[in-house]
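*Asks:* Got a structure here, written out as structure tokens. Questions coming.
The values are calculated or read from the model by the stated rules, or taken from the named source; none is laboratory data. In this text the structure is predicted, and so the values were computed from the model without any measurement. Note that we place each Cβ from the backbone using ideal geometry, even for glycine, and neighbour counts take in every protein chain shown. Please note that ligands, DNA and RNA were not included when accessible areas were found on the heavy atoms of the full protein model with its side chains. Shrake-Rupley method; radii C 1.70, N 1.55, O 1.52, S 1.80 Å.
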Amino acid sequence: MYNLLIGGAAGQGIDTSTAILEQLLKRAGYFVYTIRDFMSRVRGGHNFSLIRFGPGVIRSHSLKLNGIIALTNETIELHKDELEENGFILCDKSIAAGDKRELALDTVGIAKDLGNARAAGNVALGAALKLFGEKLDGLSEVLQKSMKTSIIDVNIKAIRAGYDAVEPRFKHLNGHFENAMTITGSRAQAFGAIAAGLKFYAAYPMSPSTPIMEALAVAGDRAGLVVEQAEDEIAAVNMAIGASYAGARAMTGTSGGGFSLMVEGLGLAGITETPLVVTDVQRPGPATGFPTRTEQGDLKFLISASQGEFPRMVMALKNHTDAFYQTHRALNLSEKYQMPVLILSDQYLGDSSSSVGPFDLSGLINDWPAEEAETPYRRYRVTDSGISPRLIPGKSDSLVLADSDEHDEQGRITEAADVRIAMADKRMRKLKLLEEEDLQEPEFIGSDTFDTLLLGFGSAWGPIYEAVELLNNDSPGKYAALVFGDMWPLPTKRLTEKTAAARVLINVEQNATGQLALLIREQTGITMTGNVLKYDGRQISGEEIAERIGKGDLS
């Protein structure tokens, strides 16, 4: 398994080179996993892509580098300590810093001679491919999907020039993933929503959630859905609620700051019992925080957002495949239970890409049986399950009422105490049914011989999975993990079973307060032995988790 970092300033073509390299590596049979770290600016700063590839499944990133393509001297200084002794630093001779691992080429001069100085990065890209023992098969076809036709020839020449300038250093590793898709977490969410029959998506652009809207907009005409860029997040959530009330499967997306503006709308969906899916692609807060970084700081916020009490479900996405299926599931559950379903993603998962699929569409349910009108029609009829008949306005002769005030069974405003109690109890009964029928237990990783159990949620899945493997290399069978996807209501059956068998419980989260640990203690009384927390905006790696646990570096 190899790790290559491409680093430089915004505007130097890092994303294009990354996309080219991902596709060439995929064609070579590799499993490819890429994370993107970038600053909130259009030009300058320090950005990088970290591409991990190999012949087997990869679940997370690693900071143990085999190679660096440095487009700036800053890249060398920031990342040289992460480079293995036998690794390489490909850079232009003008920024060489004197490290013995440097391969300083005249990348800028070669690119200028070819007629396009901006192709310098692809000169280094070609050299990197040669160093890893790869071929250039399919280069022209890959470039046709990545750049304008007018500049393809010069970039092919640039890549070949770099390829011819060095000799192989690493061996090609035979993989079998050439037919896999390479997809970001945000695109996987968009495709899962389309597969669930999404018909309306409204959002205001907010990093790092915007790629979901972009992917849906590109596919809109073919998928038969409307994508609306709203003037703000308040408008976006209310548009989605209105579309859902009118019978369209609807969804909105944002990050934590935008979700703050959606909170009142969330309550409207709760009391009107209107299906609504909201995805929160988390970034560090509060306020603007780190707009392009990652964190898991919104868990408790989503569980308790909006005034009053009403049922909602919160789920966290664990990986790119999970992003597809869980987004599909969220839209179905929202419609089944007529309540908001909130999805937690984050910048790490949303912007990273991974080999996946193909997705299995067989057996996916998109529609619930149509309700039959009763006379008189009672939209909020009190039922044992808490789920009432739902007709779509204009689809029957019945009057379909909805109101943000408390209401009786027919939807008429009321201030009667007994009706209020009946309605509140009816709504909350949905959670009991959800727990019995549809709640998913956390994923168990490891063997039953463990005595130390790691706990985490969402995108911590990959790093925790790799940490368990690393720790068990030194102490076979001692470590295992539980990683939650469904967060609220909190599934407790497997949690109670596995924690009872553990001597040590270690919580792993990307926030400062250990929100999962607090939630578990609140709901079960189970207390962690210690925490591995990270909240600097950068995703924790499996190596970092294993190292901190090995050293006893727990909070």
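*Asks:* May I ask you to say which residue of Arg41, Arg59, Arg52 is assigned to a loop (DSSP other than H, G, I, E, B), buried (at least 18 other Cβ atoms within 10 Å of the Cβ) and basic (Lys, Arg)?
*Replies:* Arg59
*Asks:* Collect the residues in segment 534-553 that are more than 17 Å from Ala480 (Cα to Cα), open to solvent by 40 Å² or more (accessible area, probe 1.4 Å) and not charged (D, E, K, R), keeping them in residue-number order.
*Replies:* If the condition is that a residue be more than 17 Å from Ala480 (Cα to Cα), open to solvent by 40 Å² or more (accessible area, probe 1.4 Å) and not charged (D, E, K, R), then Tyr535 is the only one that fits.
*Asks:* If you don't mind, another one. Does any residue of segment 428-439 turn out to be touching a Gly at 6+ places or on another chain (Cβ under 8 Å), open to solvent by less than 80 Å² (accessible area, probe 1.4 Å) and in a loop (DSSP other than H, G, I, E, B)?
*Replies:* Taking every residue of segment 428-439 in turn, none turns out to be touching a Gly at 6+ places or on another chain (Cβ under 8 Å), open to solvent by less than 80 Å² (accessible area, probe 1.4 Å) and in a loop (DSSP other than H, G, I, E, B).
*Asks:* In this structure, does Gly485 turn out to be in contact with a Gly (Cβ under 8 Å, 6 or more places away or on another chain), within 30 Å of Ile58 (Cβ to Cβ) and not polar (S, T, N, Q)?
*Replies:* Yes.
*Asks:* So which residues in segment 151-179 are more than 30 Å from Asp92 (Cβ to Cβ) and either modelled with pLDDT of 95 or more or open to solvent by 60 Å² or more (accessible area, probe 1.4 Å) (or both)? Walk me through how you get there before you give the answer.
*Replies:* From segment 151-179, those more than 30 Å from Asp92 (Cβ to Cβ) are 174-179; that's our starting set.
Passing the criteria: Asn174, His176, Phe177, Glu178, Asn179.
*Asks:* Would you confirm whether any residue within segment 21-34 is touching a helix residue (DSSP H, G or I) at 6+ places or on another chain (Cβ under 9 Å), of a type outside the set (A, V, I, L, M, F, W, C) and under 17 Å from Arg293 (Cβ atoms)?
*Replies:* yes
*Asks:* Just the residues that are touching a Ser or Thr at 6+ places or on another chain (Cβ under 9 Å), hydrophobic (A, V, I, L, M, F, W, C) and assigned to a helix (DSSP H, G or I), please, taken from segment 4-24.
*Replies:* At the first step, the residues of segment 4-24 found to be touching a Ser or Thr at 6+ places or on another chain (Cβ under 9 Å) are 4-9, 12, 14-23.
With the extra rule that they be hydrophobic (A, V, I, L, M, F, W, C), the set shrinks to 4-6, 9, 14, 19-21.
Ile14, Ala19, Ile20, Leu21, listed by residue number.
*Asks:* So in segment 455-473, with the set limited to residues that are open to solvent by 10 Å² or more (accessible area, probe 1.4 Å) and among the aromatic types (Phe, Trp, Tyr), which one is farthest from the chain's Cα centre (by Cα)?
*Replies:* Top of the filtered list is Tyr465.
*Asks:* Which pairs turn up if I take residues in segment 40-65 that are more than 20 Å from Lys318 (Cα to Cα) and of a type in the set (Ser, Thr, Tyr) and look for partners that are open to solvent by less than 30 Å² (accessible area, probe 1.4 Å) and assigned to a strand (DSSP E or B) with beta carbon separation below 9 Å, at least 6 apart in sequence or on another chain?
*Replies:* Every condition considered, the pairs that remain are Ser49/Leu4; Ser49/Leu5; Ser49/Ile6; Ser49/Gly7; Ser49/Thr34; Ser49/Ile35; Ser49/Asp37.
*Asks:* Quick one: count up the residues across segment 68-119 that are over 25 Å from Val154 (Cα atoms), open to solvent by 70 Å² or more (accessible area, probe 1.4 Å), in contact (Cβ under 8 Å) with a residue 24 or more places away in the chain and assigned to a helix (DSSP H, G or I).
*Replies:* Adding up the residues that qualify gives 2.
*Asks:* Taking segment 275-304 only, how many residues are buried (at least 22 other Cβ atoms within 10 Å of the Cβ) and in contact with a strand residue (DSSP E or B) (Cβ under 9 Å, 6 or more places away or on another chain)?
*Replies:* 17
*Asks:* I've got another one for you. Please find, among Ala230, Ala196, Ala217, the residue that is closer than 18 Å to Ser186 by Cα, in contact with a helix residue (DSSP H, G or I) (Cβ under 6 Å, 6 or more places away or on another chain) and either open to solvent by 30 Å² or more (accessible area, probe 1.4 Å) or not hydroxyl-bearing (Ser, Thr, Tyr) (or both).
*Replies:* It is Ala196.
*Asks:* From the list Gly133, Gly175, which one is on the phi > 0 side of the Ramachandran plot, outside any helix (DSSP H, G or I) and small (Gly, Ala, Ser)? Lay out the reasoning, then the answer.
*Replies:* Details: Gly175 fails: on the phi > 0 side of the Ramachandran plot.
Criteria check complete, one pass: Gly133.
*Asks:* Of the residues Ala202, Ala158, which is part of a helix (DSSP H, G or I) and aliphatic (A, V, I, L, M)? Give the steps one after another, and end with the answer.
*Replies:* Numbers: Ala202 fails: part of a helix (DSSP H, G or I).
Sole residue among the options that is part of a helix (DSSP H, G or I) and aliphatic (A, V, I, L, M): Ala158.
*Asks:* Out of segment 414-427, which residues are of a type outside the set (Lys, Arg) and part of a helix (DSSP H, G or I)? Please lay out each step first, then the result.
*Replies:* Narrowing segment 414-427 to residues of a type outside the set (Lys, Arg): 414-419, 421-425.
Matches in segment 414-427: Ala417, Asp418, Val419, Ile421, Ala422, Met423, Ala424, Asp425.
*Asks:* Scanning for something in contact with a Leu (Cβ under 9 Å, 6 or more places away or on another chain) and of a type in the set (Phe, Trp, Tyr), does segment 258-265 turn up at least one residue?
*Replies:* yes
*Asks:* Continuing with the same structure: On the basis of being out of contact with any strand residue (DSSP E or B) (no Cβ under 7 Å at 6 or more places or on another chain), of a type in the set (A, V, I, L, M, F, W, C), touching a residue at least 12 places away in the same chain (Cβ under 8 Å) and surrounded by 24 or more Cβ atoms within 10 Å (Cβ to Cβ), does Phe259 make the cut?
*Replies:* no
*Asks:* For segment 482-533, give me each residue that is open to solvent by 10 Å² or more (accessible area, probe 1.4 Å), within 20 Å of Leu431 (Cβ to Cβ) and among the β-branched types (Val, Ile, Thr).
*Replies:* Thr492, Thr496, Thr524
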